[in-house]
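For reference, the structure is listed below as structure tokens.
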Amino acid sequence: MHDFILAKEIADKVKAVAKENNLEKISQVVLELGTVSLAHDGFEEHTEDISLDNLRFGLEEILKQAGYENIDFKISKVEGDNWKLVSIA
């Protein structure tokens with residue numbers, strides 16, 4: 001569940017950047033993913049580790065609905081506690 005919530009957040013950012021840059025097609029999205037805390041109730045023990053496979057699947061499905069298909073997602077685990085959209089091509 002948390003993977004899909006994060007996928008929605010990232011997909012919204014990807015769509016916004018694509019719109020700002022008038023991109024009709026996206027072939028690659030490069031992301032850096034730190035330790036993302038998604039416990040919405042404030043209890044650290046309720047956080048979940050993000051599955052990269054589930055995240056990738058969620059991104060593909062959400063962006064497909066927006067008309068962006070066959071995107072190569074490059075997702076790297078990094079230090080830190082958030083995610084970063086590195087580039088869109």
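Rule-based calculations on the coordinates, nothing more; no lab input. Source: prediction; values computed, not measured. Heads up, the Cβs are rebuilt from the backbone with ideal geometry, glycines too, and the neighbour counts pull from every protein chain shown.
Amide H to amide H, with H built 1.01 Å from N, Val78 comes under 5 Å of Leu33, Gly34, counting only residues 5 or more places away or on other chains. Which pairs break 19 Å Cα to Cα here: Lys15/Lys64; Lys25/Lys84; Lys19/Lys74; Lys25/Lys77; Lys8/Lys84; Lys15/Lys77? Check vs 19 Å cut-off fails for Lys25/Lys84; Lys19/Lys74; Lys25/Lys77; Lys15/Lys77. Note on region 2-88: with charges restricted to the Cβ of Lys and Arg (+1) and Asp and Glu (-1), its dipole about the Cα centre is near 540 debye.
Spread over its residues, the convex hull of the C-alpha atoms of region 2-88 is 90 Å³ per residue. Phi angles of region 26-32 translate, via the Karplus equation with coefficients 6.51, -1.76, 1.60 and θ = phi - 60°, into HN-Hα couplings of 10, 9, 8, 10, 10, 10, 10 Hz per residue; Gly and Pro are given as x. Residues whose amide H falls under 5 Å from that of Phe73, counting only those 5 or more places apart or on a different chain, are Val29, with hydrogens built in the peptide plane.
Per-residue 3J(HN,Hα) values for region 7-14, derived from phi via the Karplus relation 6.51 cos²θ - 1.76 cosθ + 1.60 with θ = phi - 60°, read 4, 5, 4, 5, 4, 4, 5, 4 Hz in sequence order (x marks Gly and Pro).
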